[in-house]
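Peer 1: Sending over a structure as structure tokens; questions will come in a sec.
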Amino acid sequence: MSRIGKLPIAIPAGVTVTVSPENMVTVKGPKGELCQQVNPVIAVSVEDGICHVTRPNDEKETRAMHGLYRALINNMVHGVSEGYKVTLQLHGVGYRVEMAQVPNTLNFTLGYTHPIFMQLPKEVKVETKTERNQDPLIMMECADKQLLGQICAKIRTFRKPEPYKGKGILFLGEVVRRKAGKSAAK
């Protein structure tokens, strides 16, 4: 039995989980509504405020899907009840971010010859914070963990953290493993 898959999912107050006959799991809560299509081999049942994910056999593919769908449903329940928050930090001289005139659009200045504009989905709440002598911060909040992760990955591609000076877009608290430059070879 999958260690992850066999764990029950506790459904907090204010959150409803429904399973359609086509195995579409819908989770509604105070932060929004999320849906996930579950493979027909995996059975999802909800009773007494607890969601169970079960599998019929021990085939390799079924075992893999068992833990996967349990984790996805758990992430959806957590997302609609509490939400997910990520903070990114722009570390580098002259690196800036600000909200553009268009709603939910970020304007990045990252040392290129042009500014970078990024339109965010309406599900993501974003806030920027810039203080004197501090790295600019981007605080994002969303109910969908997967969407938030994709957005963070896309933002990080604008300036990946580099190991020589440590500049780039980092998660708050992330430590970049530094390398010695050419002068250390002498």
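Every number in this text was worked out from the coordinates using simple rules, so none of it is lab data. Since the structure is predicted, the reported quantities are computational estimates derived from the model, not experimental observations. No Cβ is skipped: glycine too gets one built from the backbone with ideal geometry, and neighbour counts run over all protein chains shown.
Peer 1: Per-residue HN-Hα couplings for region 93-104, Karplus 6.51 cos²θ - 1.76 cosθ + 1.60 at θ = phi - 60°, whole Hz, x for Gly and Pro?
Peer 2: For region 93-104, the Karplus-derived couplings read 5, x, 6, 9, 9, 8, 6, 7, 5, 6, x, 6 Hz, x marking Gly and Pro.
Peer 1: Could you give the dipole magnitude of the chain about its Cα centre, charging the beta-carbon of Lys and Arg +1 and that of Asp and Glu -1, in debye to the nearest 20?
Peer 2: Dipole magnitude for the chain comes out near 1280 debye.
Peer 1: Give me the angle, in degrees from 0 to 90, between the Cα long axis of helix 60-81 and the longest principal axis of the Cα atoms of the chain, rounded to the nearest 10.
Peer 2: 70 degrees
Peer 1: What is the extension gain from Ile4 to Lys125, computed as 0.36 nm multiplied by their sequence separation minus the C-alpha to C-alpha distance, in nm to one decimal?
Peer 2: Contour length minus the Cα-Cα distance gives 40.5 nm.
Peer 1: Mind ordering 110-123, 146-159 by average Cβ neighbours within 10 Å, highest first?
Peer 2: Top to bottom by mean Cβ count within 10 Å: 146-159, 110-123.
Peer 1: Next question, about the same structure. Below 8 Å between Cα atoms, with a sequence gap of 6+, how large is the relative contact order for the chain in percent?
Peer 2: 18 percent
Peer 1: For every helix of n ≥ 4 consecutive DSSP H residues, a contribution of -39,500 (n - 2.57) applies; sum these over the chain, divide by its total residues, and give [θ] at 222 nm rounded to the nearest 500 deg cm²/dmol.
Peer 2: -6500 deg cm²/dmol
Peer 1: Separate question: What angle, in degrees between 0 and 90 and rounded to the nearest 10, separates the Cα long axis of helix 145-158 from the longest principal axis of the Cα atoms of the chain?
Peer 2: 20 degrees
Peer 1: Would any residue of region 77-114 have its amide N under 12 Å from a label point 7 Å out along Cα→Cβ of Val46? List them or say none.
Peer 2: 77
Peer 1: Here's another thing I want to ask about it. What ³J(HN,Hα) values, in whole Hz, does the Karplus curve 6.51 cos²θ - 1.76 cosθ + 1.60 give for region 12-28 when θ = phi - 60°, with x put for Gly and Pro?
Peer 2: x, 5, x, 10, 10, 10, 10, 10, 7, x, 7, 6, 8, 8, 10, 10, 10
Peer 1: On to the next question. List the aspartates and glutamates whose Cα lies under 16 Å from the Cα of Lys182, skipping any in the same chain that are fewer than 8 positions away.
Peer 2: Glu162
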